[in-house]
Amino acid sequence: MEHIIESEREMVTNGSTLLTYGKGEAIIKQGTLASQILFVEDGIAKLNFDSGERDTTFSFATNGDFIGLMCSFVQKRLEFSAIAITPTTVRIIDRDVFEYIIGSNGKFAVYIVKLMSELTNGVVHTLITLSHKNVNGAVATFLLTLSRLYQSNNLQIPFSRDEMADALGYSKESIINTLSTFHQDKIIRISGRNLEIIQKSTLEIIAEKG
């Protein structure tokens, strides 16, 4: 966490618990009361919204990200679930400690306000842009997001093709065909869940134009 001093870090450490979740384990269940602050120390989680008809992945959280920060100060129930897609360590912070630091540290308070605005804008942007992209653009955006999360062009896709289809709103066949086309065009190299992005600039163009 940025902009906090050593004594405040000690307060966070003393007023929190570290929990580790296995791959596929629920960190948050949709409908849970937002009573604590969740901070990802290691790993990657996907954030899903279940409308009853389908379960949509709308964002991800990785090292240094908060989960559910936008809802954490109104004591309302979380409208999404968080699922670990790799082994993930989360720091569960007492909200009273967090609010005390916000109240006593102006720089940290401004940082949190900006972060919440960015998170809100990011979620809205993702939902709007993915809904208007064709399958090529949606898959390209998805792969670039994974590359950013893993901070590498070589990675293992943490989803099955069915899960990717559910996340992006396209059929499994469309996802498979698009990945195969990207592979044939030497934009990516893919074998099972192992992926290498070969032409990142081309993938970025597809993501933008698709």
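Select, from Phe182, Phe159, the only residue that is at pLDDT 90 or above and of a type in the set (Phe, Trp, Tyr).
Just one listed residue meets the conditions, Phe182.
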**Q.** Members of segment 169-210 that are touching a residue at least 40 places away in the same chain (Cβ under 8 Å) and buried (at least 17 other Cβ atoms within 10 Å of the Cβ)
**A.** Ile175, Thr178, Leu179, Phe182, Ile188, Leu195, Ile197, Leu203, Ile206, Ala207, Gly210
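Conditions tested, residue by residue: (1) modelled with pLDDT of 90 or more; (2) under 20 Å from Thr89 (Cβ atoms); (3) among the basic types (Lys, Arg).
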| position | (1), (2), (3) |
| --- | --- |
| Tyr21 | yes, yes, no |
| Gly24 | no, yes, no |
| Gln30 | no, no, no |
| Gly52 | no, no, no |
(Q) For the list (1) among the β-branched types (Val, Ile, Thr); (2) surrounded by fewer than 17 Cβ atoms within 10 Å (Cβ to Cβ); (3) closer than 25 Å to Ala165 by Cβ, I need the number of the one condition that Thr56 fails. (A) (2)
Q) With Ile37, Ile4 as the choices, which residue is in a strand (DSSP E or B), in contact (Cβ under 8 Å) with a residue 12 or more places away in the chain and in contact with a helix residue (DSSP H, G or I) (Cβ under 7 Å, 6 or more places away or on another chain)? A) Ile37
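So that you can scan it fast, the table gives a plain yes or no per residue for (1) under 26 Å from Lys114 (Cβ atoms); (2) in a strand (DSSP E or B); (3) not assigned by TED's automatic domain parsing to the domain that holds Ile92:
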| site | (1), (2), (3) |
| --- | --- |
| Leu47 | yes, yes, no |
| Gly52 | no, no, no |
| Ala61 | yes, yes, no |
| Gly64 | yes, no, no |
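The values are calculated or read from the model by the stated rules, or taken from the named source; none is laboratory data. The structure presented is a predicted model; accordingly, all values stated were derived computationally and were not measured. No Cβ is skipped: glycine too gets one built from the backbone with ideal geometry, and neighbour counts run over all protein chains shown.
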